[in-house]
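Report on one structure; see the data block that follows.
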Amino acid sequence: MISVVLLMGGKGSRMNLDTNKVLLPLGSKKVYQYPLDLFLKFNFEVICVVSKDDYSLVHKELPSNVKIALGGSTRAESVYNGLKCCSGDYVLIHDAARALIAEDVIREIIKKANNDEAILTYTPLKDTIKINDNNKLITLDRNKLIASATPQCASLAIMLDSYEKSLKDNYISTDDISLIEKYHSEIKINLVDGHDSSFKITTPIDYKLAKLLVEDKYV
């Protein structure tokens, strides 16, 4: 069985809203319902990680076969709380704000799913990236750079172990695969191209783009 930890916490601060951005309307659904419906289409076990503030509302909307875990004070704590509710051998961790993840990306992940390996969904970079070190610029080779996206996937055992160690060490990371890089460097990490639709709805412009894509039935 494949489990999914769907992260639905966070606020809409960069959206200039008091509302959680994944609860915003997007076409005929809410933002979080797009990835949720896609994962349920594949008969995955889904654990939605929600904040205490959103629990009462989300609880009423979720299908009966979806589990709920409460989020923590950090992303790492939230992911860990979700992982502890999983019963599958393999787990996908996904940000609900990446609402328009494509079905073919999930199919590619399923093809590559292996309990002895991990998967990073990524998007190619379009911009030239520079490091600004005390006003000294260093240009990086764009051909060797990718942008980390989600889902990020590995066996449940490896993910749990990586998060338990990181929480014990108070090691802060903004994604999941970096913990496997640190604590399980022996694990092979496969790459899956998430395409342009894997962008994260973070700012008002992102939200407007997502609405346009849904209206035009691009995804």
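We did not get these values from a lab; they are worked out from the coordinates using the rules stated. Nothing here was measured: the structure is a model prediction, and the numbers come from that model. Every residue, glycine among them, receives a Cβ derived from its backbone with ideal geometry; neighbour counts consider all protein chains shown.
Exactly one residue out of 93, 101, 138, 110 is in contact with a strand residue (DSSP E or B) (Cβ under 9 Å, 6 or more places away or on another chain), under 19 Å from residue 7 (Cα atoms) and not in a loop (DSSP other than H, G, I, E, B): that is 93.
Looking across the range 36-52, the residues that are in contact (Cβ under 8 Å) with a residue 24 or more places away in the chain and more than 18 Å from residue 26 (Cα to Cα) come down to 40, 41, 42, 44, 45, 46, 47, 48, 49, 50, 51.
Looking at residue 56, is it of a type in the set (S, T, N, Q), in a helix (DSSP H, G or I), over 21 Å from residue 105 (Cβ atoms) and out of contact with any His (no Cβ under 7 Å at 6 or more places or on another chain)? Yes: the conditions hold for residue 56. Restricting 72, 82, 88 to those that are over 21 Å from residue 154 (Cα atoms) and either under 16 Å from the mean Cα position of the chain (by Cα) or surrounded by 15 or more Cβ atoms within 10 Å (Cβ to Cβ) (or both) reduces the list to 72. Given the condition out of contact with any Lys or Arg (no Cβ under 7 Å at 6 or more places or on another chain), surrounded by 15 or more Cβ atoms within 10 Å (Cβ to Cβ) and in a loop (DSSP other than H, G, I, E, B), answer yes or no: does some residue in the range 15-26 qualify? Taking every residue of the range 15-26 in turn, none turns out to be out of contact with any Lys or Arg (no Cβ under 7 Å at 6 or more places or on another chain), surrounded by 15 or more Cβ atoms within 10 Å (Cβ to Cβ) and in a loop (DSSP other than H, G, I, E, B).
With the structure loaded, tell me whether residue 39 is aromatic (Phe, Trp, Tyr) and under 13 Å from the mean Cα position of the chain (by Cα) or whether it fails that test. Against the criterion (aromatic (Phe, Trp, Tyr) and under 13 Å from the mean Cα position of the chain (by Cα)), residue 39 qualifies. Say whether the condition of being among the aliphatic types (A, V, I, L, M), closer than 22 Å to residue 106 by Cβ and in a helix (DSSP H, G or I) is met by at least one residue in the range 194-211. Yes, some residue in the range 194-211 is among the aliphatic types (A, V, I, L, M), closer than 22 Å to residue 106 by Cβ and in a helix (DSSP H, G or I).
Here residue 128 meets the list (1) surrounded by fewer than 19 Cβ atoms within 10 Å (Cβ to Cβ); (2) β-branched (Val, Ile, Thr); (3) closer than 28 Å to residue 186 by Cα; (4) in contact with a helix residue (DSSP H, G or I) (Cβ under 7 Å, 6 or more places away or on another chain) almost entirely, failing just condition (3).
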